[in-house]
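Novice: This is the structure, below, for whatever I ask next.
None of the figures in this text is laboratory data; all of them are computed from the coordinates on show. The structure presented is a predicted model; accordingly, all values stated were derived computationally and were not measured. All Cβ positions, glycine included, derive from the backbone under ideal geometry; neighbour counts span all protein chains shown.
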């Protein structure tokens with residue numbers, strides 16, 4: 001695995017962090033295993049390139065042979081949405097870790113096709129596993145889900161060496177019946193369309209009678 005090079009960060013504080021960002025660098029913190037947190041910086045361009053080329057969750061930070069880490073927290077500027085800070089957590093190869101990974105719903109539910117509304121209650125799943133077994137995401141097919149039905153944590157399928165840390169009975173997605181207002185509007189629109197059609201037929205009949 002290629003090493004993402006980091007540099008020691010001597011100055012801390014908001015002013016120093018802003019100066020670093022102007023130079024195209026991102027402030028980072030590395031911690032884990034009871035070690036004292038270490039401040040460092042990484043090139044913004046190098047980070048983007050590395051993350052693009054390496055899709056796995058584990059990142060190796062340099063210099064030298066590097067240490068295996070995972071991204072624990074990411075901060076973005078609320079206005080520009082630019083990346084401004086990252087927390088890395090150091091991990092050991094044979095040590096299990098806890099992480100939150102995305103839950104992806106595949107397909108279009110039957111209930112949605114019939115007018116129901118999909119509600120996704122859980123978007124990230126907290127799991128525990130060895131670093132080498134860490135999945136990019138957990139996916140579940142919802143195409144068979146009907147209105148009034150729900151999927152729960154216990155319905156998710158993961159590898160035997162991956163442990164989900166959420167209660168089995170926790171709902172992750174449901175198909176809700178359409179709101180009464182929406183149904184009312186739909187009915188009103190249908191009635192209005194029928195009235196327009198009837199009016200058009202009556203006008204046509206009158207025109208034919210006048211001929």
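Novice: For 89, 176, what ranking results if the residue with the fewest other Cβ atoms within 10 Å of its Cβ goes first?
Specialist: Numbers: 89 18, 176 14.
Result, fewest neighbours first: 176, 89.
Novice: Let's test the formula: R0 of 45 Å, r as the Cβ-Cβ distance of residue 132 and residue 80. What FRET efficiency results, to the nearest 0.05? Don't skip to the end; give the middle numbers.
Specialist: On the way: r = 36 Å, r/R0 = 0.80.
For residue 132 and residue 80, the calculated efficiency is 0.80.
Novice: Separation between the residue 192 and residue 8 pseudo-spin-labels, each 7 Å from Cα along Cα→Cβ, expressed in nm?
Specialist: Reported label-point gap for residue 192 and residue 8 is 7.2 nm.
Novice: Sort 96, 157, 19 so that the residue with the fewest other Cβ atoms within 10 Å of its own Cβ comes first and the one with the most comes last. Display every interim value, and only then the final one.
Specialist: Values: 96 15, 157 8, 19 12.
Ordered from fewest to most neighbouring Cβ atoms within 10 Å, 96, 157, 19 come out as 157, 19, 96.
Novice: For residue 60 and residue 160, compute 0.36 nm times the residue count separating them, minus their Cα-Cα distance, and round to one decimal in nm.
Specialist: Numbers: separation 100, 0.36 × 100 = 36.00 nm, distance 2.62 nm.
Length difference between fully extended and current span is 33.4 nm.
Novice: Among 50, 31, 76, what is the fewest-to-most ranking by other Cβ atoms within 10 Å?
Specialist: Numbers: 50 18, 31 15, 76 11.
Lowest count first: 76, 31, 50.
Novice: Further question on the same structure: What's the FRET efficiency of residue 39 with residue 123 using the Cβ-Cβ distance as r and R₀ = 35 Å, to the nearest 0.05?
Specialist: On the way: r = 31 Å, r/R0 = 0.88.
Rounded to the nearest 0.05, the efficiency is 0.70.
Novice: Between residue 51 and residue 23, how many nm apart are label points set 7 Å from Cα along the C-beta direction?
Specialist: Modelled inter-label distance: 2.1 nm.
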